[in-house]
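Peer 1: I'd like to ask you about the structure that follows.
Only the coordinates and a few stated rules stand behind these numbers; no lab work does. Predicted model only: the values in this text are computed from it and were never measured.
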Amino acid sequence: MSFENAPVSKGLMLWLAVATVLSGIFDIKYYFHLQLVPHISTHHQYWRLFTHHLVCQSFSDLFVSELLIYNVGVQIERFFGSVKFASFITVSTLVATIAEFGSLLLLNHFGLNIIPASPIALVFSILYQFSRIVPSIYHFRIFGIVFNNKIFTYLLATQLAFSSSPGSFVSALVGIVTGQLYRTDLFNLKAYELPPWLIRLSSSVAPYVIGSTRPPRRTNRALHEGSRTSLASVPRASAGAATDEDEGPVTTARRNTAGRRGDNPRSGTTTSVMRDWVNELTGRDGSSSGLRIPSEAEISQVSAMFPNVSRETVVGALQRRYVLGFLPSYVSPLENLMWAIRCTFRFPPSLLFRDFVMF
């Protein structure tokens, strides 16, 4: 999985990582946790209501939060769209802030005074959307109890919820309630969207801050054998020119060029190990680039055993008999040949050999 179509999740993960590391380096983490007494009630530091979402209090919480955002947030952003997902994060953060402040006021007499610095409420709000939107892939049983593949994500989230109890547990409950309120749209929370000017500004700045979100492209092109030799023999500075000169519309299929037929695959430095292995299985040697040609005696013997089979089919079966030389030792040569002939009536000889070489 990658960050394709998920720039908001990537930016959120980068922000949490950078902010947590910098706050630890400069030793300012004590400015970010939310404490009712004395920070709110006595010193009136209301800015803590918002800043405690910006960093994680420990690197273990950072690691778990990053894993959950990557495994859960990316899927929810692709489902919502980046603009709606950013609006969802904004709304969930505001609602969770109000709910956490109310929880501190109500539960202060029961010993709740501190909510740790961590975006636990936001993570659990995203996790609630994940539980309602993304279906399970498979189910399994442990001691008769049925689980699905989501249980591993929930176990990871449980570790985050109990990391700094009771504050982290209350924050997790607030996040679940916030996600449920957004999901049911009880207060018309889904109607909120970020301002267009902020969306345009973020779209223009994001590529320079978070980089590209496109997955790495895996090429299906291969170099000619001559290109590999030239790239290995020329200096590094001229490697690009050699590639441009020799590279063409190349595929991974085997080419029957005259320049390579005389090469010895055992002694050549440009021959891969995989090609040596295929040559050994198919009975090839250094002087032949095709299938082994059966002798007339072998063709006559098989034709006498199967008089209704054409000569082309017999030749293809004999060639395939050498290709299938990797069968177990307890399989007799006659059974091997019979299996090859049965395959002949199902698959063309060229198709079967091509698939075997590609394997």
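Peer 1: Counting just the Cα atoms, what span does segment 92-138 cover along each of its three principal axes? Round to the nearest Å and put the largest first.
Peer 2: 44, 22, 17
Peer 1: Alpha carbons only, please: Rg and Dmax for segment 113-180, in angstrom.
Peer 2: Rg, Dmax (Cα atoms, Å): 13.4, 41.
Peer 1: For segment 304-312, take each phi angle, set θ = phi - 60°, evaluate the Karplus expression 6.51 cos²θ - 1.76 cosθ + 1.60, and give the result in whole Hz per residue in order, putting x for glycine and proline.
Peer 2: Ordered by residue, 3J(HN,Hα) equals 5, 6, 10, x, 7, 9, 5, 5, 4 Hz.
Peer 1: For segment 7-14, take each phi angle, set θ = phi - 60°, evaluate the Karplus expression 6.51 cos²θ - 1.76 cosθ + 1.60, and give the result in whole Hz per residue in order, putting x for glycine and proline.
Peer 2: Computed from phi, the couplings for segment 7-14 are x, 5, 5, 5, x, 5, 5, 5 Hz.
Peer 1: For segment 28-148, what is the convex hull volume of the alpha-carbon atoms per residue, in Å³?
Peer 2: Dividing the Cα hull volume of segment 28-148 by its residue count gives 146 Å³.
Peer 1: Continuing with the same structure: Using the Karplus curve 6.51 cos²θ - 1.76 cosθ + 1.60 with θ = phi - 60°, work out ³J(HN,Hα) for each residue of segment 160-175 in order, rounded to whole Hz, and write x for Gly and Pro.
Peer 2: Ordered by residue, 3J(HN,Hα) equals 5, 5, 9, 5, 9, 5, x, x, 5, 5, 5, 5, 5, 4, 4, x Hz.
Peer 1: For residue 190, go through the lysines and keep the ones whose alpha-carbon is under 29 Å away, minus same-chain ones fewer than eight residues off.
Peer 2: Those lysines meeting the cut-off are 10, 84, 150.
Peer 1: A further question on this structure: Quick query: amide H of residue 34 versus all other amide H atoms, modeled in the peptide plane; which residues come in under 5 Å with a sequence gap of 5 or more or a different chain?
Peer 2: 115, 117
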